[in-house]
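What follows is a short report on a single structure.
The values are calculated or read from the model by the stated rules, or taken from the named source; none is laboratory data. All figures in this text were calculated on a predicted structure; none of them were measured in a lab. Methodologically, a virtual Cβ is constructed for each residue, glycine included, from the backbone with ideal geometry; neighbour enumeration extends over all protein chains shown. Ligands, DNA and RNA are stripped out before the accessible areas are found, and what is left, the full protein with its side chains, is counted by its heavy atoms. Shrake-Rupley method; radii C 1.70, N 1.55, O 1.52, S 1.80 Å.
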Amino acid sequence: MRKIIVKLLTSDWPYWVGGVGIAVINIGLLALTGKPWGITTTVTLWGFKLANIIGVRLENVEAFREYLTRLADFNFWYGGNLLNVGLIFGVLVSAIISREFRFKKITGKRQVYLALLGGLLMGYGARLASGCNVGALVGGISSLSFHGWLFLIFALGGAWVGCQIMYVLLRRVM
Amino acid sequence: MGKKYVLDVLGEVCPVPLFKTKEKVTRELSSGDTLLVETDFPRAVRNIIDWSEKHGHHVKVIEIDEACWQVQVTKK
C-alpha cells in the first residue's frame, strides 16, 4: 500500500489526469461558490495592498475603479485569496513530496531582468484580457463563453510567435 | 568510446534545457559522443528523455544532488 502511494505521488501523471482533475475541482468550486476558478484578479488585489504599504494609492487610478468593491471585501479569508494561497502551498507540498523542491540558482542578471519583464507583460496582459489561462481560458470555455475561445486562438498565436523570437535569441547566445 | 560534452543548464526552465540539448546533439556531437546535461528542472528531464528516445539516442538519468539531475544522451 505504502509503495503504491509513493509511486502515485512521485511518478509523472499523464496530462489528461491533470485535465480531468482540474475540471472536477472547478465544477465543485463553481457549484459551491458560484464563481469559476481565477487567479489574477486576486493578484491585482495583492498589488493594491503592496502598493499601499509603499505609500502608493492605486485606488485613485481610473483604470482600477472596477476593483474597489472587491477590495472592500478583501481579507485573508477572501475566496480568491484562499485559492491562491492554497495553490502556492499545494504546489510546494507536491514538489517536496515528489522530491523536486530545490532553491534554484539564478543564472545571471539577464535572467532576473527577463523574469521581471515577463512577469510584467503577463500581469498587464491578464488585466487587459480580464483573466489569465485559468480565469479567461479554463473559466471562459467551460462556462460556454465565446471569449474563452477567442482567448485560446490568440494565446496559441502569441505563444507561437513568442517561441520563434525566443529560439532566434537563444541561438544567438549559445 | 565517444567524446563527452557537458551542458550546464542549472536554473534554466523549459524550453531552454531541451532546446540547447537538441542544438548540441544534432550540430556538435558525432555518433557515439555523449552529452551530459545538468538540470534542476524536472519537466526538462522528461522532455529530454522523450526527445532522445524518439530520435533513437541512448539516454540515461542519474540524480547528482537533491532535485538535480544529469541526463546522459549518447548520440545514435
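Scanning the stretch A:56-110 for residues that are among the small types (Gly, Ala, Ser) and open to solvent by 60 Å² or more (accessible area, probe 1.4 Å) yields A:ALA63, A:ALA72, A:SER94.
Looking across A:GLY123, A:GLY131, A:GLY135, A:GLY80, one residue alone is outside any helix (DSSP H, G or I), in contact (Cβ under 8 Å) with a residue 40 or more places away in the chain and under 16 Å from A:THR40 (Cα atoms). It is A:GLY131.
Could you tell me whether A:GLU100 is outside any helix (DSSP H, G or I) and more than 17 Å from the chain's Cα centre (by Cα)? Considered against the rule, which asks whether it is outside any helix (DSSP H, G or I) and more than 17 Å from the chain's Cα centre (by Cα), A:GLU100 comes out as yes. Restricting the stretch B:9-26 to residues that are among the aliphatic types (A, V, I, L, M) and surrounded by fewer than 21 Cβ atoms within 10 Å (Cβ to Cβ) leaves a set whose member that is nearest to B:CYS68 (Cα to Cα) is B:LEU10. Of the strands (runs of 3 or more DSSP E) that lie entirely inside chain B, those containing 2 or more residues that are under 25 Å from A:VAL112 (Cβ atoms) and not acidic (Asp, Glu) span B:4-8, B:34-39, B:68-74. Close Cβ contacts (under 7 Å, 6 or more residues apart or on different chains) running from residues in the stretch A:1-15 that are modelled with pLDDT of 75 or more to residues that are outside any loop (DSSP other than H, G, I, E, B) and not small (Gly, Ala, Ser) comprise A:ASP12/B:ARG46.
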